[in-house]
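Here's the structure we're looking at; comments come further down.
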Amino acid sequence: MTGGMIEKPADSITGYHAHVYYDDPESRAFAGALRERLDTLFEVKLGRWRDEPVGPHPTPMYQVAFAPDQFDRLVPWLALNHGELSVFIHPETGDAVADHADHALWLGRQKDLDIEVLRRMEAEEKV
């Protein structure tokens, strides 16, 4: 226990998601070029293009799923190559609310996620 908090082991992370946001045709085109490079350079699973907000995500985006062993290469590359796009990166630990609200990081401008959507989904799963 550190500072009154329970320490979570890093091996509780089973994967990561990077959400690449875009707003208009120009930024979508850049996001497409970025997507192609991610697919070429890294071992990733690319999600569908979401041209409308979905779940907690406030603007159009696509998801990039990757394994923990890709983090040290992929995230620095994204940090240097995301251009003006916002990129939201979060771990997968089995706790979607905490992963999106507490354990995440941003590249570029931070957007306001609708975490309440995840809380409602979590509550529905418990019923």
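From the list Ala65, Ala33, Ala18, the one residue that fits, being at pLDDT 95 or above, of a type in the set (A, V, I, L, M) and part of a helix (DSSP H, G or I), is Ala33. Candidates are the residues of the stretch 71-97 that are among the polar types (S, T, N, Q) and surrounded by fewer than 19 Cβ atoms within 10 Å (Cβ to Cβ); the one that is farthest from Leu34 (Cα to Cα) is Thr93.
Would you mind stating whether Val117 is in a helix (DSSP H, G or I), in contact (Cβ under 8 Å) with a residue 40 or more places away in the chain and more than 19 Å from Asp39 (Cα to Cα)? Considered against the rule, which asks whether it is in a helix (DSSP H, G or I), in contact (Cβ under 8 Å) with a residue 40 or more places away in the chain and more than 19 Å from Asp39 (Cα to Cα), Val117 comes out as yes.
Residues considered: Pro53, Pro58, Pro91, Pro68. Of these, the only one that is of a type outside the set (Val, Ile, Thr) and farther than 23 Å from Asp114 by Cα is Pro68. Scanning the stretch 21-30 for residues that are closer than 12 Å to Ser86 by Cα and either touching a Ser or Thr at 6+ places or on another chain (Cβ under 7 Å) or outside any helix (DSSP H, G or I) (or both) gives Tyr21, Tyr22, Asp23. Filtered by the rule that a residue be in contact with a helix residue (DSSP H, G or I) (Cβ under 9 Å, 6 or more places away or on another chain) and aromatic (Phe, Trp, Tyr), the stretch 46-99 gives Trp49, Tyr62, Phe66, Trp77, Phe88. The residues of the stretch 85-107 that are touching a residue at least 60 places away in the same chain (Cβ under 8 Å) and farther than 17 Å from Pro9 by Cα, listed by number, are Leu85, Ser86, Val87, Phe88, Ile89. Does any residue of the stretch 82-97 turn out to be among the hydrophobic types (A, V, I, L, M, F, W, C) and farther than 25 Å from Glu122 by Cβ? Looking through the stretch 82-97, at least one residue is among the hydrophobic types (A, V, I, L, M, F, W, C) and farther than 25 Å from Glu122 by Cβ.
Every residue, every condition in (1) within 15 Å of Gly108 (Cα to Cα); (2) touching a residue at least 12 places away in the same chain (Cβ under 8 Å), yes or no:
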site: Arg35; (1), (2): no, yes
site: Leu38; (1), (2): no, yes
site: Lys45; (1), (2): no, yes
site: Trp49; (1), (2): no, yes
site: Glu52; (1), (2): no, no
site: Phe66; (1), (2): no, yes
site: Asp69; (1), (2): no, no
site: Pro76; (1), (2): yes, no
site: Gly83; (1), (2): yes, yes
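The values are calculated or read from the model by the stated rules, or taken from the named source; none is laboratory data. As the structure is a computational prediction, the values presented were derived from the model and not from experiment. All Cβ positions, even for glycine, are placed from backbone atoms using ideal geometry, and neighbour counts span all protein chains on display.
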